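Everything on this sheet refers to the single structure shown next.
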Amino acid sequence: MTYLTDTWTTYNKKLDDIKLESISDIEKSKVLGGCMILPLSLNTTLMNTEIDLLEKFIQIDNFSILELGAGFGNYCKVLHEKANIKKYTILDTPSMLRFSKFYLNAFNIPCTFIESDKYEEIGNETFDLFISNICLSEIPTEFLESLLAFVLPKCDKLAVIDDRNSPFRDWFLSFVDSLKHFSHRVCYYLDGFYLRNHNIYIMRK
């Protein structure tokens, strides 16, 4: 069972070739800029927008958070600045973890990093909130089902921003419903600032 699409396998090889000596190496990377919003100032504005939206539904205080697909880690950084975080864990590919480790270490932000295909290393840990930001729809379905079936029952709440198109939306909602873990669900349509054609899916036990 593969955990990467062919596109991301190729993309990660390019990411591995990027030297990381300063934060500016992230900002000027055309490869990284091909899959996420840069420059850093614009990315930070987007992260603030998304977190402000999240906090309309969930009051984050002393939370333990699990994020799948953190990019270079700016959501984690901004969330630490806006809320009291008890513990933060990131699941991602080794190539992307190299960026998030570098970026978050530069700001002395504590975080646990786990390679996404080794998600079972989470063990018996539990989390207040599962977060994923435009990532789930880019993961092969068979692997995603296995991962979510393992991690979501360990989480009290879920906040996912991803595609609103019917194939992904219908699959995601149906799959999460099949877990019978979250009893309350909100699907909020987004329509602005790089979030057009995406939903935010909010669920809780």
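Computed from the coordinates by the stated procedures, all read-outs in this text should not be read as laboratory data. As the structure is a computational prediction, the values presented were derived from the model and not from experiment. Glycine also receives a Cβ, built like all others from the backbone with ideal geometry; neighbour counts cover every protein chain displayed.
In the neighborhood of Asp177, defined by Cβ-to-Cβ distances under 15 Å, what is the net charge if each Lys or Arg adds +1 and each Asp or Glu adds -1?
Details: positive: Arg169, Lys180, Arg185, Arg204, Lys205; negative: Glu145, Asp170.
My count for the surroundings of Asp177 gives +3.
Can you compute the charge dipole magnitude of the range 4-59 about its Cα centre, using +1 on each Lys and Arg Cβ and -1 on each Asp and Glu Cβ, nothing else charged? Give it in debye, rounded to the nearest 20.
On the way: 6 positive and 9 negative charges, 33 e Å.
For this selection, approximately 160 debye.
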Review point. Of Lys56/Lys77; Lys82/Lys118; Lys13/Lys87; Lys86/Lys154; Lys77/Lys157; Lys118/Lys154, which sit over 22 Å apart, Cα to Cα?
Key: Lys82/Lys118; Lys13/Lys87
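Could you tell me whether the range 1-76 comes out rounded, prolate or oblate from its Cα gyration tensor? Rule is a ≥ b ≥ c as square roots of the eigenvalues, rounded for a/c under 1.5, then prolate if a/b exceeds b/c, otherwise oblate.
Values: a/c = 2.33, a/b = 1.47, b/c = 1.59.
It comes out oblate by the Cα gyration axes.
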Check your understanding: Based on the Cβ-Cβ distance from Lys86 to Phe57, what FRET efficiency comes out when R0 is 22 Å, to the nearest 0.05?
Key -> 0.70
Review point. Of the residues Tyr194, Tyr88, Tyr75, which exhibits the maximal mean-square fluctuation in a Gaussian network model of the chain defined by a 10 Å Cα contact cut-off?
Key: Tyr194
Exercise for review: Taking only Cα atoms and a 10 Å spring cutoff, compute GNM fluctuations for the chain and point out the largest among Phe150, Phe72, Phe107.
Suggested key: Phe107
Exercise for review: Could you give me the percent of Cα pairs per 10 Å distance bin for the chain, shortest bin first, beginning at zero and ending with the bin that holds the maximum distance?
Suggested key: 8, 37, 41, 14, 1
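Using Cβ counts within 10 Å as a stand-in for footprinting exposure, how do Tyr3, Tyr189 rank, fewest first?
Ranked by crowding around the Cβ, least crowded first: Tyr189, Tyr3.
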Check your understanding: According to a simple spin-label model (label point 7 Å from Cα along Cα-to-Cβ), what is the distance in nm between Thr44 and Ala149?
Key -> 4.3
Practice item. Only Lys, Arg, Asp and Glu count, each charged at its Cβ (+1, +1, -1, -1), so figure out the dipole size of the range 64-205 about its Cα centre, rounded to 20 debye. Key: 520
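In nm, what is the difference between 0.36 nm times the number of residues separating Asp117 and Glu27 and their Cα-Cα distance? Each step should come with its number before you reach the end.
Details: separation 90, 0.36 × 90 = 32.40 nm, distance 2.74 nm.
So the chain would gain 29.7 nm between Asp117 and Glu27.
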**Study point:** the chain: angle of helix 141-151 to the longest principal axis, Cα-based, in degrees nearest 10
**Key:** 70
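Relative contact order (percent) for the chain, with alpha-carbon contacts under 8 angstrom and 6 or more residues of separation? Please list the in-between numbers first.
Numbers: 304 pairs, mean separation 36.7, N = 205.
About 18 percent, as a whole number.
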Exercise for review: Within the range 36-94, report the GluC sites (Glu not before Pro) that DSSP leaves as loop and that have at most 15 other Cβ atoms within 10 Å.
Suggested key: Glu55
